[in-house]
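The values are calculated or read from the model by the stated rules, or taken from the named source; none is laboratory data. Computed from a predicted model, the values in this text were never measured in an experiment. Areas reflect the complete protein model, heavy atoms only, side chains present, ligands, DNA and RNA absent. Shrake-Rupley method; radii C 1.70, N 1.55, O 1.52, S 1.80 Å.
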Amino acid sequence: MSTTDTAHRSWPTDGTTAAGTAPEETSLWVRHFHRRPDAPVRLLCLPHAGGSASVFRPWATAAGPHLEVLALQYPGRQDRYRERPVEDIAELADRAVPAVRAAVGDRPYGLFGHSMGALLAFELTRRLEDTGHGPDLLAVSGRRPPSAVRTGEYAHLVDDAALTAHLRELSGTDPRLLADEEALQMILPAVRADLTAVDRHQAAPGATVDAPVLAITGDSDPWVTPGEAAAWHLRTTASFDLRVYSGGHFYLENLQEELLALLGGRLAPAGAR
């Protein structure tokens with residue numbers, strides 16, 4: 001069994017809401033943890049399978065005045081835990097488009113997706129470009145491009161014990177949550193739905209985006225090699241760049257400042273770079 005995604009240690013409900021965000025549907029999908037109304041650009045972050053928007057709360061707080069960091073909240077977790085988790089990447093993208101379009105407004109913006117979030121960011125970019133206001137950057141992290149499937153990747157089909165063991169192996173989940181049966185019953189349905197979406201996803205043949213693509217990965221990530229990450233260049237009609245950092249699948253946990261500088265620099269208006 002293998003997959004690039006796991007539940008994150010920030011899973012439990014933290015009371016996060018998007019108070020004041022209108023319309024109501026936007027507040028369900030897009031979280032503004034630290035508003036910077038004067039920031040010239042925005043970055044919308046999409047979490048991994050089983051992850052939640054609050055994974056990126058520290059990014060929103062740490063970003064400088066030039067960058068406002070938003071995060072996408074999927075159904076079936078935290079304050080959306082009563083909703084049915086979505087088992088299809090395309091459906092998630094379709095449903096998120098109106099809220100994302102309203103949240104980013106007319107300012108330049110980029111998408112950053114980690115693992116499952118990378119696949120969703122790609123599909124979301126395609127749809128946003130169809131509206132005439134696509135992102136200025138698509139950053140894909142810790143994931144091979146769509147349709148690049150390794151043999152035997154059907155993690156969503158394993159039983160709960162095997163899935164829990166896999167989460168423990170990836171070290172992306174607080175061990176206390178994995179030892180708590182009640183917490184597991186909250187975590188596993190969303191994780192399994194997300195993994196189903198990842199395992200079944202097939203992008204349209206030859207599908208590309210017009211946005212520049214930045215692929216980022218860890219050099220010791222067991223689920224994606226630098227060579228596999230480099231294949232994202234086939235999915236854009238614009239420029240492509242690959243960054244490889246030291247670390248595994250969750251390499252980004254120790255690189256917040258560096259990644260914010262990298263992404264913010266790519267999005268900054270030409271005169272501010």
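Kindly write out, for region 244-255 in residue order, the coupling ³J(HN,Hα) from the Karplus curve 6.51 cos²θ - 1.76 cosθ + 1.60 (θ = phi - 60°), rounded to whole Hz, with x marking Gly and Pro.
Rounded to whole hertz, the list is 10, 10, 6, x, x, 5, 9, 3, 5, 4, 9, 10.
Amide H of Ala203 versus every other amide H placed in the peptide plane: which residues, excluding those fewer than 5 positions away on the same chain, fall under 5 Å?
Amide H neighbours of Ala203, under 5 Å, 5+ apart: Ser147.
Per residue, how much accessible surface does region 233-272 expose to a 1.4 Å probe? Answer in Å², no decimals. Could the numbers behind the result be given before it?
Values: 2120 Å² over 40 residues.
That works out to 53 Å² for each residue.
Collect residues whose amide H, placed 1.01 Å from N in the peptide plane, falls under 5 Å from the amide H of Tyr245; neighbours closer than 5 in sequence don't count.
Placed amide hydrogens put Thr217, Gly218, Asp219 under 5 Å from Tyr245.
Non-local amide H neighbours of Leu43 (under 5 Å, H modeled in plane, Pro and chain starts lacking H): which ones?
Glu68, Val69, Leu70, Gly110
Could you go through region 38-53 in sequence order and give the Karplus-derived ³J(HN,Hα) for each residue, using 6.51 cos²θ - 1.76 cosθ + 1.60 with θ = phi - 60°, rounded to whole Hz, and x for Gly and Pro?
9, 5, x, 9, 10, 10, 9, 9, 10, x, 6, 4, x, x, 9, 4
How large is ³J(HN,Hα) for each residue in region 204-212, as worked out from phi by the Karplus curve 6.51 cos²θ - 1.76 cosθ + 1.60 (θ = phi - 60°), to whole Hz, x for Gly and Pro?
4, x, x, 5, 9, 10, 8, 6, x
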